[in-house]
Amino acid sequence: MTNAWELRKLGEIAKKIFNGGTPKTKVSEYWNGNIPWIQSSNLLIDNVQHIFIDKKITEKAIENSSAKLVPKNSIAIVTRVGIGKIVFIPYEYATSQDFISLSYLYLESQFTLYSLYRLMKIESRISQGTSIKGITKKDLLSKIIFVPNDIEEQQKIGSFFKHLDELITLHQRRAISSSKKRSNW
């Protein structure tokens, strides 16, 4: 008989793990390209599905700097200033050094995203009040999440939380819209 759920270290849930890097801002050939370049301020707190992109880098920046091209369908996790922010990104991108990205996931992506979101919320509370706000790559990858062995169960759980997130966003938009209408009366 096997256990229905098991403990997994984060370092074991992705085939590849990418560090971020920032191309030199003074080298104009590195900027205004077509590769989204993400920093912590581009992520919203408690919004794991959407991201605001305001900067893009070039292939030359990837080739000649510490920036790495992260494959699509990866999870970007802020590990320094802004710890606790996390997002699923369905396209190729690069990040600042404040991130670790998990790519080629062994687990269902939405289940993994929401499991990591919960873990990072706990980590952000722990890091508050300390002089250094962040978590090292080694510490992050040694963290453990509880995972169902059945991929269908992972899919159902991930889908449930994504749907719940969408409903919350919809209700927040309606509330904002209603309050704007009332203020116009």
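The values are calculated or read from the model by the stated rules, or taken from the named source; none is laboratory data. What you are looking at is a predicted structure, and each value in this text was computed from that prediction instead of being measured. Backbone-built Cβ (ideal geometry, glycine too); neighbour counts: all protein chains shown. Heads up: the accessible areas ignore ligands, DNA and RNA and are worked out on the full protein's heavy atoms, side chains in. Shrake-Rupley method; radii C 1.70, N 1.55, O 1.52, S 1.80 Å.
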- Item | Charge dipole magnitude, Cβ of K and R +1, D and E -1 - the stretch 14-58, Cα centre, debye nearest 20 | 220
- Per-residue ³J(HN,Hα) for the stretch 142-159, Karplus 6.51 cos²θ - 1.76 cosθ + 1.60, θ = phi - 60°, Hz, x for Gly and Pro: 8, 5, 10, 10, 9, 10, x, 5, 7, 4, 5, 5, 4, 4, 5, 5, x, 5
- Pseudo-spin-label distance residue 54 to residue 106, built 7 Å along Cα→Cβ, given in nm, is 3.9
- Query: When all C-alpha to C-alpha distances in the stretch 86-146 are sorted into bins of 10 Å, what percent of pairs does each bin hold, rounded to whole numbers?
  - Reply: 17, 53, 27, 3
- Query: Karplus couplings for the stretch 10-22 from phi (6.51 cos²θ - 1.76 cosθ + 1.60, θ = phi - 60°), rounded to Hz, Gly and Pro as x?
  - Reply: 4, x, 9, 9, 9, 6, 10, 10, 10, 8, x, x, 10
- Item | Dipole axis of the stretch 104-167 (+1 Lys, Arg; -1 Asp, Glu on Cβ), positive-most option in 119, 107, 161 | 119
- Quick one: which residues, 5 or more positions from residue 31 or on another chain, have an amide H under 5 Å from its amide H? H modelled 1.01 Å from N in the peptide plane, none for Pro or chain starts. 58
- Message: So if I average 1/r over every pair of distinct C-alpha atoms in the chain and take the inverse, what Kirkwood radius in Å does that give?
- Response: 17.8
- Which residues in the stretch 32-71 have a backbone N closer than 19 Å to a point placed 7 Å from the Cα of residue 16 along the Cα-to-Cβ line? 34-38, 57-71
- With θ set to phi - 60° and the Karplus curve 6.51 cos²θ - 1.76 cosθ + 1.60, what are the ³J(HN,Hα) couplings of the stretch 82-95 in order, to the nearest whole Hz, using x for Gly and Pro? x, 3, x, 7, 8, 8, 8, 10, x, 9, 5, 7, 9, 10
- Message: Give the lysines reachable from residue 138 as a straight Cα distance under 27 Å; neighbours fewer than 8 places away on the same chain don't count.
- Response: 9, 15, 16, 24, 68, 72, 85, 121
- Message: Relative to 2.2 N^0.38 Å, what does the C-alpha radius of gyration of the stretch 27-109 come to as a ratio? Two decimals please.
- Response: 1.05
- Report in % the part of the accessible area of the chain that belongs to carbon and sulfur, leaving out ligands and nucleic acids; probe 1.4 Å. 53
- Task: Can you work out the accessible area per residue across the chain, with the rest of the protein chains kept in place, probe 1.4 Å, in square angstrom?
- Result: 60
